[in-house]
Amino acid sequence: MKNAQIVVIGGGVVGASVAYHLAERGVGDVLILERGAVQGLGSTGAATGGVRAQFETEINIRMSLYSLDFFRNWEFDCEYEPAGYLFFATTGEQFDYLRRNVEKQRRLGVQDVEVVDAATIKRIVPILNCDDVVGGSFGGNDGFINPLAVMHGFTEGALKRGSRIEFETVVQSIIVRGGRVTGVETNRGRIGCESVVLCTGAWARELAATAGVDLPVEPQRRQIVWARSLAPLPDGLPMVIDIGSGFHFRPARDFAVKRSETGTHDVLFAYPNSDEPSSTDTNFDDSFVEKVYERAKHRSRFLFDTAVVREKCRAGLYENTPDHHAILGDCDVGGMYFANGFSGHGVMHSPATGRALSEIILDGKANFLDVSCLSPGRFAKNEMLHETAFI
């Protein structure tokens, strides 16, 4: 039987970050188990790569601040591009909400975030219909990264420090004896270990159940339309989000090609479909295109006149928790840890997540940032968090 000190289940960006930070702390026997033949076939590969500090809750803001600083200064080029995030409001209530958020963000140290009026929004995004826009918020340091570059950077750093990775290895169950983890059962046999970290995204709940833990994570399909315009996109186009409907768009980026070779005519747009049932379906539904374009029709004639690039449209999975915040920490099963339920924020918060888990495992708690509000036990205590801008 093979053995490892710590088994990280899931080789996406979150699992790679956990392994990287453990290895950086000197843990020399970390084994990443990836079910695919290569990394990045799950949620990491389907992510759009947005990063932002414009959140409502303090914990999300602080995790973003740490992660954005990490992306800017990391030894690996994750292609961080501070193109900005623009949230706009069409009612006074929505605008008040954004103003309150900006006050909190500034108080917590977010720089280059401001309240903007409709005229400024029109200047930033000239293709936007602002007739019903009352104002918004803009964060200039928010922007985009390459999720696959981040994942590969973490993996490379972990492997250089002694970690291992095994592909096409599916963990079927977590073995618990006497109230603590002793190993995992895989399609390739049993692996003994002292600890496991679940970084399996939308599939976390069913795997946690094999250890007798009910993890409140539900998978949900999220779809993205890739389209191409005849005219080039406006220079410096940020991520643009309707705070009321969640409809959003950004310049498209093919992470498989060099940034310098990315075209200026392609755009991604989407919205969170509240009618989407919980499932692990990652097939793109063509009817979603019509729904997206119907929302684009009023908001931007430029977007409405684009042509769909069907082969580049895609669907991925969100791993949602009841309060749309991550689950980080341990549980009643000794040696069992979680980094799950990011509800679309796994890539952008991966640096903070990896460090937090490494400190929880090695020191008993995260010392660089108090993440105790994200512990799995908060649901039983009814201590859930609240974030309105869930996209």
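The values are calculated or read from the model by the stated rules, or taken from the named source; none is laboratory data. Quick caveat: nothing in here was measured; it's all calculated off a predicted structure. Note: ideal-geometry Cβ built from the backbone for every residue, glycine included; neighbour counts use all protein chains shown.
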message: Please go through region 92-139 and give me each residue that is in contact (Cβ under 8 Å) with a residue 60 or more places away in the chain, under 19 Å from residue 55 (Cα atoms) and among the β-branched types (Val, Ile, Thr), ordered by number.
response: 113
- prompt: Are there any strands (runs of 3 or more DSSP E) wholly within region 1-105 with 2 or more residues that are closer than 16 Å to residue 197 by Cβ and in the same structural domain as residue 191 (by TED's automatic domain parsing), and if so which?
  reply: 2-9, 30-33
- prompt: In region 2-15, what residues are of a type in the set (A, V, I, L, M, F, W, C), over 12 Å from residue 357 (Cβ atoms) and touching a helix residue (DSSP H, G or I) at 6+ places or on another chain (Cβ under 6 Å)?
  reply: 13
- prompt: Based on what the data block shows, is residue 339 small (Gly, Ala, Ser), at pLDDT below 95 and either touching a strand residue (DSSP E or B) at 6+ places or on another chain (Cβ under 8 Å) or farther than 14 Å from residue 224 by Cα (or both)?
  reply: no
- request: Working carefully through the options 64, 43, 17, find the one that is within 19 Å of the chain's Cα centre (by Cα), crowded, with 23+ Cβ neighbours inside 10 Å, at pLDDT below 95 and on the phi < 0 side of the Ramachandran plot.
  value: 43
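Has region 69-91 got at least one residue that is of a type in the set (Asp, Glu), more than 19 Å from residue 152 (Cβ to Cβ) and over 15 Å from the mean Cα position of the chain (by Cα)?
yes
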query: Is it true that some residue in region 20-28 is surrounded by 21 or more Cβ atoms within 10 Å (Cβ to Cβ), in contact with a Leu (Cβ under 9 Å, 6 or more places away or on another chain), aliphatic (A, V, I, L, M) and within 20 Å of residue 341 (Cβ to Cβ)?
result: no
- request: Check residue 240 against each of (1) at pLDDT 95 or above; (2) assigned to a loop (DSSP other than H, G, I, E, B); (3) among the β-branched types (Val, Ile, Thr) and name the one condition it does not meet.
  value: (2)
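Pull up region 168-179, narrow it to residues that are assigned to a loop (DSSP other than H, G, I, E, B) and of a type in the set (Gly, Ala, Ser), then point me to the one that is nearest to residue 380 (Cα to Cα). Outline the logic, then answer.
In the first step, residues of region 168-179 are kept if they are assigned to a loop (DSSP other than H, G, I, E, B); the result is 168-170, 178-179.
Subset that is of a type in the set (Gly, Ala, Ser): 178-179.
Details: 178: 23, 179: 20 Å.
Step by step, filter region 168-179, then rank; the result is 179.
Each row is one residue, and each column tells you yes or no for (1) within 30 Å of residue 28 (Cα to Cα); (2) touching a residue at least 12 places away in the same chain (Cβ under 8 Å); (3) aliphatic (A, V, I, L, M).
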{"position": "270", "(1), (2), (3)": "no, yes, yes"}
{"position": "285", "(1), (2), (3)": "no, yes, no"}
{"position": "303", "(1), (2), (3)": "no, yes, yes"}
{"position": "313", "(1), (2), (3)": "no, yes, no"}
{"position": "316", "(1), (2), (3)": "no, yes, no"}
{"position": "341", "(1), (2), (3)": "yes, yes, no"}
{"position": "362", "(1), (2), (3)": "yes, yes, yes"}
- request: Report, by residue number, each residue of region 263-294 that is part of a loop (DSSP other than H, G, I, E, B), within 23 Å of residue 253 (Cα to Cα) and out of contact with any Gly (no Cβ under 8 Å at 6 or more places or on another chain).
  value: 263, 264, 265, 273, 283, 284, 285, 286
statement: Matching residues in region 44-67 (under 22 Å from residue 220 (Cβ atoms) and either without any contact (Cβ under 8 Å) to a residue 40 or more places away in the chain or among the basic types (Lys, Arg) (or both)) number 1
